[in-house]
Amino acid sequence: MVLINFRKHSIKSGEIRKRKAEAFYGVPRKTLTRHLRDEVQKVGNLGRYESDLGQDFERALVVHAQNLQQMMFDINTIELRKLAFDLAEKEKLSHRLRDGTAGKTWLRGFLFLACHPELAIRTPEPTSLGRATGFNKPCVNRFFRLYKTELEKHTYTADRVYNVDESGLTVVHKPRKVLAMKGLKQVGKVTSGETGQTTTTVCAMNAAGSYVPPMMIFKRKRMSEILLKGSPAGTISCCSANGRIDAPLSLKWLKHFITHVKPTVDDKVIQILDGHCSHKSLEVIDLARSNGVVTVCLPPHTTHRTQPLDRTFYGPLNLAAYVRTTSVEKAVSGFKSTGIWPFNPDGGRLHRWRLPAVIQWSLMKHSLLRLALHLW
């Protein structure tokens, strides 16, 4: 009954069209029409299948799974099946579950057949405590206030606002799935190597969709021009002991950036980048200031949400060539999704401001302890 009411509300509110709802929920047209006309006095089960555990029981599991997800202690499918069996045994419910766990058939009917469309099986991203706590509203709003102040000082256009960032790319590609004989324990495919070194690539793009030729940093002592064969036109290269960027290489990149962007004191550009130590050397700051390059630093542990290159560019770059990834749409979409251009401090991120519940409780306890010590 809860599911039927959910479908009716979605259709009547305009969230989903009737024809699409028929295909998505797998409900016959006549059945859905009768429910929309309120011709069904008593809502029963659709089809010959019904839940052993009951709708109220499953709804409680849904709420429990959502609460754990908010605390970043997500429950996986195996744990959910085991929990369902343990709770059914504890409540002494009549069921057909065996072997100490609910079956995969129950789970697929429970999740994948849209019985509870508010849940979905997802692969979680590893999230450090710094990122979980760093992306908060006061911190990000402070960045946007500084950025807005700089925008108001001069007349900037979309082609004068750049995002600069570096990322590591592996030289060994990951093979796609292939067809193979059944029963084989191991299937191989020839690649350039099984393990490879990571090459750092420094990229820059502006809000109008233009790109600066990249800089590639190789982990080696001497540079060979062969390494740049097939690279985009204008690419520069250099070497470092660990294959990562440092202060001298950051200075070299800034000179390369100035050569292509051509900023002046009267026609300034904004470069938005993270707070890496290589961007803060005195030589880099002096060169940027004397050439009309205004540097705006992103807050720490927030670049996964506030950096355009991370949002729309580096992901596809790991799967395709540079020339196929550099599109105007990706650059414009990256700046728009972060709220940097057009200027939009909300940027569609309001639904992500909430800290995990376990961290909120920890911060609240810390604040209460400080208050108690102050009063004492």
Which aspartates and glutamates, if any, have their Cα less than 16 Å from the Cα of LYS12, not counting same-chain residues under 8 positions apart?
GLU22, ASP38, GLU39
Rank ASN242, SER281, HIS260 by how far each Cα sits towards the positive end of the charge dipole of region 236-281 (+1 on Lys, Arg Cβ; -1 on Asp, Glu Cβ) and give me just the farthest.
ASN242
Distance in nm between pseudo-label sites at GLU150 and THR235 (7 Å out along the Cβ direction from Cα):
2.8
Burial order of peptide ranges 266-273, 335-342 (average beta-carbon count within 10 Å, highest first):
335-342, 266-273
About its Cα centre, region 145-304 carries a charge dipole, from +1 on Lys and Arg Cβ atoms and -1 on Asp and Glu Cβ atoms, whose size in debye to the nearest 20 is 900
For a Förster distance of 56 Å, can you work out the FRET efficiency between the beta-carbons of ASP267 and LEU83, rounded to the nearest 0.05?
0.35
Relative packing of peptides 234-242, 253-261 - highest average C-beta neighbours within 10 Å first
253-261, 234-242
At a Cα cut-off below 16 Å, give the aspartates and glutamates reachable from LYS92, other chains included and same-chain residues fewer than 8 away excluded.
ASP52, ASP56, GLU58
Run the quick spin-label model on SER128 and LYS280: label points 7 Å from Cα toward the beta carbon, then report their separation in nm to one decimal.
1.5
Over 31 Å between Cα atoms: which of LYS18/LYS182; LYS185/LYS221; LYS153/LYS262 fall into that group?
LYS18/LYS182; LYS185/LYS221
Here the net charge surrounding GLN307, from other residues whose Cβ is less than 9 Å away from its Cβ (Lys, Arg +1; Asp, Glu -1), is -1
Three-way shape call for region 215-339 based on the alpha-carbon gyration tensor, with the a/c threshold at 1.5
rounded
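Readers should treat all values here as calculations from the given coordinates under stated rules, not as data from a laboratory. Predicted model, so just to flag it, every value in this text is computed and none were measured. Virtual Cβ from ideal backbone geometry, glycine too; neighbours counted across all protein chains shown.
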